[in-house]
Amino acid sequence: MATKEDDQVIKENNCETKMGLPCVLEAFSSIFKTGSISNKCCGELVVLGKFCHSALVKRTLENPLFKDLNPATIIAKSIQRWNNCLALIDPPSPSA
């Protein structure tokens, strides 16, 4: 599912170094298992960027440990987490 482009995006953007381990684990659990993500980790996720977030989720889905998970469900959850964090960190301005 992940492509060479995903791996390149991860390397070129230093995706694996942009979030602290506690937040990586929290975000991972909220997407691949159950649970929520704290405001602090939402902030780190948004700083990580959507490209990194998507590429890392896709790459994780390639791991044989997660072969029983439905990729469509995981990707939907990752998009939902991303959108929730984005709204929390950068709330839309009220219309005048």
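The table that follows gives values for the structure above.
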read-out	value
Excluding exposed DSSP-loop trypsin sites (Lys or Arg not before Pro) (at most 14 other C-beta within 10 Å), longest clean stretch of the chain	34-66
Where Rh is the Kirkwood radius over Cα pairs, Rg/Rh for the range 6-52	0.98
Surface/4 estimate of mean projected area, convex hull on alpha-carbon atoms of the range 28-72, nm²	3.3
Nearest 10 degrees, 0 to 90: helix 50-61 Cα axis against the chain principal axis	30
Net charge contributed by nearby residues that have their C-beta within less than 13 Å of Ile79 (K/R +1, D/E -1)	+4
Cα-based Lys proximity count in the chain, under 14 Å, for pairs eight or more positions apart or on separate chains	9
Tilt relative to the chain, helix 39-48 - C-alpha long axis, 0 to 90 degrees, to 10	60
Under 5 Å, built H, 5+ apart or other chain: amide partners of Gly49	none
Karplus-derived 3J(HN,Hα), 6.51/-1.76/1.60, for each residue of the range 4-12, Hz, glycine and proline x	4, 4, 4, 4, 5, 4, 4, 5, 4
Kirkwood-based shape ratio for the chain, expressed as Rg/Rh from alpha carbons	0.98
The range 23-81, relative contact order [Cα under 8 Å, separation at least 6], %	33
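Taken together, the values in this text are just the output of simple stated rules run on the coordinates, not laboratory data. On a predicted model such as this, the values are computed, not experimentally measured, just so you know. In this analysis, Cβ positions are derived from the backbone assuming ideal geometry, glycine residues included, and neighbour counts consider all displayed protein chains.
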